[in-house]
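Let me begin by presenting the structure, written as structure tokens, before commenting on it.
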Amino acid sequence: MIKQTSTDNYHQQSQKPITKTHKFTKPIILIIFLITIPIPKSHSSHPTPPPLPILPIPTSQQLSWQLTEMAIFFHFGTNTYTDSEWGTGHASPTVFNPTALNATQWVNVAKNSGFSRVILTAKHHDGFCLWPSEYTDYSVKSSDWRNGGGDVVKELAEAARIGGVELGIYLSPWDRHESCYGKTFDYNEYYMGQMTELLTRYGEIREVWLDGAKGEGEKDMEYFFDDWFSVIHQLQPKAVIFSDAGPDVRWVGDEAGYAGTTCWSLFNRSAAKIGDTDREYSGGGDPFGQNWVPAECDVSIRPGWFWHASETPKPALTLLDLYYKSVGRNCVLLLNVPPNSSGLISHEDIQVLQEFQEIRNSIFSHNLAKNVSISSSSTRGSLEDSGNYGPQNVLEEGIYSYWAPNKALSDWIIYLDFEETITFNVLMVQEPIQMGQRIIEFHLDLLNEGGKWEEVTGGTTVGYKRLLRFPSVKTSKLRLVVDKSRAEPLISYLGIYMDPFSVLARVIKLNSGSRVNGSEPLRQIIRRNNDTSYI
């Protein structure tokens, strides 16, 4: 049942056709002429157009990247065999010998665990290349693996293509082996030569990952990032580029795998510098940012980034917590799963990933609100537009249909009426980010036994996806209230779930606004009730 509580007036004029009859006195012949007068359509019969997007908005490449939600990082190289994290660049290429390497296994593990993109460290800081680069001998061609004829990048690219998984590559700017490192022009040319090899030999690349990592006391080096970015976009137009400061995807500011409770995709690239980033700014983004640069949360399934025999993977419930705090905070989770010295993903890592997948499916495969009776405080346009902008759209998965309120009204509420009492402890909210990130602050209420609305949870920022956990509650009636927004809010999906696996240690209620889960309202917002715009 869809209830529209406020719509624009609708009026449809109608006219009957005019019929004229002519008689003749001679042979009785009745001739009837039907003259149909065209009926002009009233303006209100046309659908109401969508609201204007609020800038900045994502590119098609950024949208595709965000929709994948999770990717797997493969840290692999000579460090795998030297029990190190940052190689010196002096290890012999012959130490690299993954006798059982199977890139198809890597891709299948990723795919079967719900990951749709894989990224390989084609070259890490030690400078060792996992493809036979023409610009150096410090690569797989100098190893004993495949008798020097192997190419890890090629094998992974082929496995990813067959498996229907997107491919990304990491090419470290810092190179501890290459002798021209430190010579500005020479090394920038060297780096772009290697980047061009990677972007022209192996088919479609969907993410190029680089950073400003460099050890203390190392050679000074100026990277020509703008040149690199231009060439990357030219050679791989569907790829997003990750770095501390974008241009397409930004680092979240830590390697713990989670974002702040307020996380904007809006960002000012001019305020960030690769290798010298304000971590707090990177983690939260900027509500007044002029660029769309969403955050990626990188973390390893093990304590180290490369495989070490002495280390074990994080448990599945830890990965679930990271999912809530990354994907559930408007980010993409990049989980490192390092192949072992045989060239395979270790069994214990696979087991954890399978458990992680099963837990997520158990929680999120059943939206308790799927068949709920839903209504809203208002709907954009007329009654005829309810299919385009009505609240029922928030029960359809995806971001391309959405509820839009009447732009002339400033009460933004969705009501959920369940046939019977439900028990739940997770809220999911999504925005149609192709229209811009809008919601600043929101909360969820339940109708208690006394007939009064009582706040369950709330937060700041939604973006692509927001997940909030809280102690289990029971009710048959809920309402989602958007308190503040950069423009009239748009909601593409609303989910109510029961998570029996997570144990919420504590729920923090702030004095201002009674927000929970560490959320805090933003300041300096000016509301204009007439057109619901904000600065």
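Please give the FRET efficiency for VAL231 paired with SER270, using the beta carbon to beta carbon distance and R0 = 25 Å, rounded to the nearest 0.05. Plugging the Cβ-Cβ distance into 1/(1 + (r/R0)^6) gives 0.70.
Normalised by the number of residues in the chain, the average gap of Cα pairs under 8 Å and 6 or more apart makes the relative contact order 15 percent.
Projected onto planes of every orientation and averaged, the convex hull of the alpha-carbon atoms in the range 104-176 covers 5.2 nm². Dipole check for the range 369-491: with +1 at the C-beta of Lys and Arg, -1 at the C-beta of Asp and Glu, and the Cα centre as origin, the magnitude is about 360 Debye. Counting heavy atoms of the protein chains alone, PHE224 has an accessible area of about 50 Å² for a 1.4 Å probe. From helices alone, the chain scores -5500 deg cm²/dmol at 222 nm; the rule is -39500 (n - 2.57) for each run of n ≥ 4 DSSP H residues, then divide by the residue total. Quote to one decimal, in nm, the extra length available between GLU396 and GLU420 on full extension: 0.36 nm per residue of separation minus the C-alpha distance between them. Full-extension gain reported as 6.5 nm.
The charge dipole of the chain, taken about the Cα centre with unit charges on the Cβ atoms of Lys, Arg (+1) and Asp, Glu (-1), comes to about 2880 debye, rounded to the nearest 20. Based on every Cα atom in the chain, Rg and the maximum pairwise Cα distance Dmax equal 28.5, 116 Å. Helix 152-163 against the longest principal axis of the chain: what's the angle in degrees, Cα atoms only, rounded to the nearest 10? The angle comes out at about 30 degrees. My understanding is that a pair violates if its Cα-Cα distance is over 29 Å; which of LYS141/LYS214; LYS141/LYS183; LYS111/LYS484; LYS141/LYS273; LYS123/LYS273; LYS123/LYS183 do that in this structure? Flagged as over cut-off: LYS111/LYS484; LYS141/LYS273. For the pair PHE288 and HIS90, label points projected 7 Å from Cα toward Cβ lie 5.1 nm apart.
Counting only protein heavy atoms and a probe of 1.4 Å, the accessible surface of the range 286-351 is 54% carbon and sulfur.
Placing unit charges on the Cβ atoms of the charged side chains and taking the dipole of the chain about its Cα centre, the candidate lying farthest along the positive direction among LEU468, SER382, TYR324 is SER382. Label positions at LYS111 and PHE501, each projected 7 Å from the Cα along the C-beta direction, are separated by 2.3 nm. Scattering from the range 40-187 was approximated by placing one identical point on each alpha carbon and applying the Debye formula without solvent; log10 I(q)/I(0) at 0.09, 0.15, 0.17 1/Å stands at -0.41, -0.85, -1.01. Residues of the range 443-477 falling in the label zone of HIS366, defined by backbone nitrogen less than 18 Å from a point 7 Å along Cα to beta-carbon, are 472-476. Against the chain, whose longest principal axis is taken from its Cα atoms, helix 184-201 shows a tilt of about 60°.
Summed over the residues of the range 380-431 and divided among them, the accessible surface reaches 40 Å² per residue at a probe radius of 1.4 Å. Packing, as the average of other Cβ atoms within 10 Å across residues, places the peptides 470-478, 402-410, 293-301 in the order 293-301, 402-410, 470-478, highest first. Efficiency by 1/(1 + (r/R0)^6): what FRET value for ARG146 and LYS219, r their Cβ-Cβ distance, R0 = 41 Å, to the nearest 0.05? My answer for the efficiency is 0.80. Placing R0 at 30 angstrom, the Cβ-Cβ distance between ARG161 and GLU280 gives a FRET efficiency of 0.15 after rounding to 0.05.
Taking the protein heavy atoms of the range 396-480 in the context of the full set of protein chains, the accessible area attributed to carbon and sulfur is 44 percent at 1.4 Å. The angle between the Cα long axis of helix 316-325 and the longest principal axis of the Cα atoms of the chain comes to about 60 degrees, rounded to the nearest 10. The residues of the range 185-225 expose, per residue, 46 Å² of accessible area to a 1.4 Å probe.
Computed with a 1.4 Å probe over protein heavy atoms only, the accessible surface of the range 92-178 comes to 34 Å² per residue.
Summarising the label geometry, the points placed 7 Å from Cα in the beta-carbon direction at ASP254 and LEU55 lie 3.4 nm from one another.
The values are calculated or read from the model by the stated rules, or taken from the named source; none is laboratory data. All values derive from a computational prediction rather than experimental measurement. For neighbour counting, all protein chains shown are included, and Cβ atoms are generated from backbone atoms with ideal geometry for every residue, glycine included. Accessible surface areas use protein heavy atoms only, side chains included; no ligands, DNA or RNA. Shrake-Rupley method; radii C 1.70, N 1.55, O 1.52, S 1.80 Å.
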